[in-house]
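The values are calculated or read from the model by the stated rules, or taken from the named source; none is laboratory data. No experiment lies behind these values; they were computed from the predicted model shown. Backbone-built Cβ (ideal geometry, glycine too); neighbour counts: all protein chains shown. To get the accessible areas, we keep the full protein, side chains included, count just its heavy atoms, and leave off ligands, DNA and RNA. Shrake-Rupley method; radii C 1.70, N 1.55, O 1.52, S 1.80 Å.
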Amino acid sequence: MVKELQRFSVGTVALVFVAAAHADVLPEEVFEHASDYTVRVKTRIEHAFGGDTVGSFGGTGFIVDVDRGWVVTNRHVVGESPSEVKVARRGGVFEAATKLYVDPYIDIAILQTNIDGGKSAALNCGNAAPGTGHPVGAYGHPWGFAYTGTQGVISGQTTKWERLMLQTDAPINAGNSGGPLISMRTGAIVGVNTSKYNDTHSENTNFAIPIADVCQILALLKQGKDPAPPKLPVAFFNLEEQDAVVIARQFDDAASVGLQAYDKIVAAGPDLKPVKHKHDLMNALRGNLDDAQLKVVRGGQELTITASIPPMRIRRGVEFAGIVMAPFNYKDDSITPAGHDIGVFSVAAGSPASDADLKMFDLIYKVNGQQVESLEHLFVVLNDLEDGATVKLEFLRVFEDMHYFGYIQRELRSEPAVWLDSNGASSGTGIQLSWIASEIEQAPIISTRKYLMLTVALERLLSELESADLRLESEEQQRQHDLALALSKKLNGGNLATIFGSD
């Protein structure tokens, strides 16, 4: 039977204690200092992507930079979905926080807060992860019992789930997620409590993210660099705990990176640091994706590859008529029919989509006969529909009527589309303008159909923007208005014979 990790959508806290050199500290001192860095986290999610749940939740985080107001917690505590996040120090009131960075690979999020007071946690950044038997403590709010400490030891390390995790028998329960795993010898944080083994027969088999991962993300953010991991267009072999990173299959855009099936990646990053598992590889390339370096062994020969690799991104989506739709972000989505990767993540009960029998994991194919090209394109097409109009959706359903894919068509009532990203929901004016700009720049020839679609979308956006008093609105709205005007002139200027192509 396959066991799963249970994540807790209630957090833990943080610590900030610097121990005297070469001297152990008392557990009471460690946990007392931990309360100085602890924040409670509240999260509310209205539109949920897969992995998140609609509702309100509690969690914890710890202060890592009191001057900047930065707080570390788990991604699953604040959600990958649009969410409202609030934080509070001990004895304080909850105040709004924003998600400064949410990592798409490891379960980490960095919050930007206006916290007043507290201290920055001491992180075990420059030292090796503690070995098996090292005494540790977890501090947080298990089951709502606030500011609670538990003790145990490091049980080992594992890459069983592709990511490197610290295993500990220190009890971690609902309420500890996002909080610190603390060295009881030095008082420094060695990990971020994340999950437990979801088995009724398991006793204190819990997991934390090594603090070194967090330290690297924080360092890149302070340098103004994007800490996102690479989106590598390959699949790796599962080698059953062997220390090797071997490519099983390359996908459509792998040629641009220069990787091939059966390549063994032995080093990566600007200093070609040795890698033993996928976790090493992802971290070695963070902050160095424009000119990523990889050392591989191919056919017994060692060679170095330099390539530009796109970053892995947190999900974005569109809410429409009760459906939340977003790219599934599978690396092998190009092998699905026509490369369809925009799927249904949730369907609201009683919504037009529910009445039309849409289900989770359906793959969106066409809207009113028009093939969906991207999430941005889907949003633009849906925004062009009149409210209350009948819209015809075509989609693929996995394992339908003895086929891998069933081709299904449904009609439903149109409602305003909403753009969703990690920080919230919006009408998506900027998203639409970016998509229109990219379509105009893509090629010197634009088909009559696409020209008409872009023209209608621009006219609607300009009408919406000009209906507001831009003198009283934000600088961003004025910038969007100017961009829409410039795009309209570019689309309609020059020699139309060079613009129009065949349908």
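As a calculated quantity, the FRET efficiency between THR306 and TYR404 at R0 = 35 Å, using C-beta atoms, amounts to about 0.35. On full extension, the segment bounded by THR158 and ALA128 gains 9.3 nm, given 0.36 nm per residue less the C-alpha separation.
When you count, for each residue, the other Cβ atoms within 10 Å and take the mean per peptide, how do 99-108, 216-225, 50-59, 77-86 rank with the highest first?
Numbers: 99-108: 20.7, 216-225: 14.8, 50-59: 17.6, 77-86: 25.0.
Averaged packing, sorted descending, gives the order 77-86, 99-108, 50-59, 216-225.
Working note: Karplus 6.51/-1.76/1.60 with θ = phi - 60° gives region 406-418 the couplings x, 9, 10, 10, 9, 10, 8, 7, 6, 9, x, 7, 10 Hz, where Gly and Pro are set to x. Length available on full extension from PHE237 to SER374: 0.36 nm per residue minus the Cα-Cα distance, which gives 46.4 nm.
Distance between the pseudo-spin-label points of ASP67 and GLN260 (7 Å out from Cα toward the beta carbon): 5.1 nm.
For the pair ARG249 and VAL54, label points projected 7 Å from Cα toward Cβ lie 3.5 nm apart.
Positive contributions from Lys and Arg (+1) and negative ones from Asp and Glu (-1), summed over other residues with Cβ under 11 Å from the Cβ of ALA228, come out at +2.
Under a 5 Å amide H cut-off, with hydrogens placed 1.01 Å from N, VAL275 pairs with ALA267, ALA268 among residues at least 5 apart or on other chains. Which percent of the accessible heavy-atom area of region 118-231 goes to carbon and sulfur, probe 1.4 angstrom? Solvent-exposed carbon and sulfur of region 118-231 make up 49 percent of the total. When a/c reaches 1.5 or more, the comparison of a/b and b/c decides; with that in mind, is region 202-311 rounded, prolate or oblate per its Cα gyration tensor? Here region 202-311 falls in the oblate category. Here r is the Cβ-Cβ distance between LEU485 and LYS366 and R0 is 35 Å; the resulting FRET efficiency, rounded to 0.05, is 0.65. Check which residues have an amide H placed less than 5 Å from PHE236's amide H, if you skip close sequence neighbours. Amide H neighbours of PHE236, under 5 Å, 5+ apart: ALA248.
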